[in-house]
Amino acid sequence: MLSLPAAINSLGETLFSAGALVVFLTLLVYADTLRRVLSRTLPAAAKTHTAFVISVYPVVALATLCAVIVPRAQLLAEAVTQGVFMAAVYQLWCLLVAYCGGEAELIRRVKPGSLNPRVGPCCCWPCCRLPLLTVNKRNVSFLRVLVLQLPVVQGLLYLVLLVMWAEEESLYEVNYMYLQPVVVLSILTGIWGLLMTIKMLSTVLASHLVLGKFLALQAVLLLAKFQGLAARATAWYSLLPCNPPLTPTVYANLMYNTAMLVEMLLLALFARALYSREIPDLTDTRDESQPNQVCVIEVSTQKDLTSSPAKESNNNNNIGAIADETKVSYKF
């Protein structure tokens, strides 16, 4: 039986080199996007959250390249992809709040609007008849909890899967499908909370390209999940060749990882176009309109040089020259 290094031919070496080049380009795009974001007139908190959100693409690309070079690191790469995405979703929620200047300022700007829970994925159910909610601190904190559970729950689940895989790979394969309902429910709940927040702020952050930034991040999860499922299906149904030690699973993972590398570069370019645009700083109070103070100066000058006593009907006293009598009044 050939060893793994002997089975890697020139085509494999070319693939590794091309993957490394794609990762390098993704890192360059990330650095350029970060430079543009830091040069904008935005709150420091918004810049910090933005830096974390756009770091998803190079981190996922690096983890994927490791899985290409070391096939046994596939599960670890998937765990990193899942974990960094879930953390980035919460950071995106915090970014929306930072755009508004904090939770208190968000509530002030949204009122007298309402919080509509009838958004995807909840609105996909025919029985969804949830009432509109008042925008207050309690409900905003509820949205934060919905999104925050994503990295917590997903991290714990993947920790359990990694422990099973380290103990016995067959144990992981048997229990993987049983944990998927919990994974899906956690993801749908977190996305529901984020979509409610986006719809609530659709008017306040109309010029901040919020929906595009959400889609650029959501694409990471969709591509990872659906392409990973398709890759596993090709291995399950023996659609790929088996040349030991290169099994159909190795071939499937190689196809999946190659596609992910290219897609992360494209998504990084898309995120660069979104986050590089100028957006208004809602926390900057210098441009807010101040109450106008109107100053009206009314000046009337009366010069009467008449000295004729005939012009006085009720007074026989002679009036001399009345000169330069000035009346000034100020109104504010």
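What spacing in nm lies between the two simple spin-label points modelled at ALA104 and GLU168, each 7 Å away from Cα in the Cβ direction?
Using points 7 Å along Cα→Cβ, the separation is 5.7 nm.
Please list the equivalent ellipsoid semi-axes of region 89-159, computed as the square roots of five times the alpha-carbon gyration tensor eigenvalues, in descending order and whole angstrom.
Value: 23, 20, 9 Å, ordered largest first.
Could you compute the FRET efficiency for SER39 and ALA259, with r as their C-beta to C-beta distance and R0 at 41 Å, rounded to 0.05?
Efficiency computed from Cβ-Cβ geometry: 0.80.
Testing the spin-label approximation: label points 7 Å from Cα along Cα→Cβ at LEU27 and THR14. State their distance in nm.
2.5
Can you tally the net charge around LEU211? Count Lys and Arg as +1, Asp and Glu as -1, for every other residue whose Cβ sits under 15 Å from the Cβ of LEU211.
That sum, taken over residues with Cβ under 15 Å, equals +3.
What FRET efficiency comes out for the pair THR283/LEU156, r = Cβ-Cβ distance, R0 = 35 Å, nearest 0.05?
In this case the efficiency is close to 0.50.
Defining a contact as two alpha carbons under 8 Å apart and six or more residues distant in sequence, what relative contact order in percent does region 35-102 show?
43
With respect to the cross-link table entries LYS47/LYS111; LYS111/LYS137; LYS137/LYS225; LYS47/LYS213, which display a Cα-Cα separation exceeding 23 Å?
LYS47/LYS111; LYS137/LYS225
How much net charge surrounds LEU106 when only the other residues with a Cβ under 12 Å from the Cβ of LEU106 are counted, with Lys and Arg +1 and Asp and Glu -1?
Here the count lands on +3.
By how many nm would the segment from THR48 to LEU179 lengthen if fully extended, with 0.36 nm per residue of separation less the alpha-carbon distance?
Length gained between THR48 and LEU179: 43.8 nm.
Please grab the % of Cα pairs in region 118-223 that end up more than 19 Å from each other.
56
Do you know the relative contact order of region 69-191, to the nearest whole percent, from alpha carbon pairs under 8 angstrom that are 6+ apart?
28
Rounded to the nearest 0.05, what FRET efficiency do ALA206 and TYR237 give with R0 = 51 Å and r taken as the Cβ-Cβ distance? Could you check?
For ALA206 and TYR237, the calculated efficiency is 0.60.
Report, please, the projected area of region 29-112 averaged over directions, based on the convex hull of its C-alpha atoms, in nm².
6.5
Taken together, the values in this text are just the output of simple stated rules run on the coordinates, not laboratory data. The shown structure was predicted, so the numbers you read here are calculated from the model rather than taken from an experiment. A quick note on method: Cβ atoms are made from the backbone with ideal geometry, for glycine too, and the neighbour counts reach across all protein chains shown.
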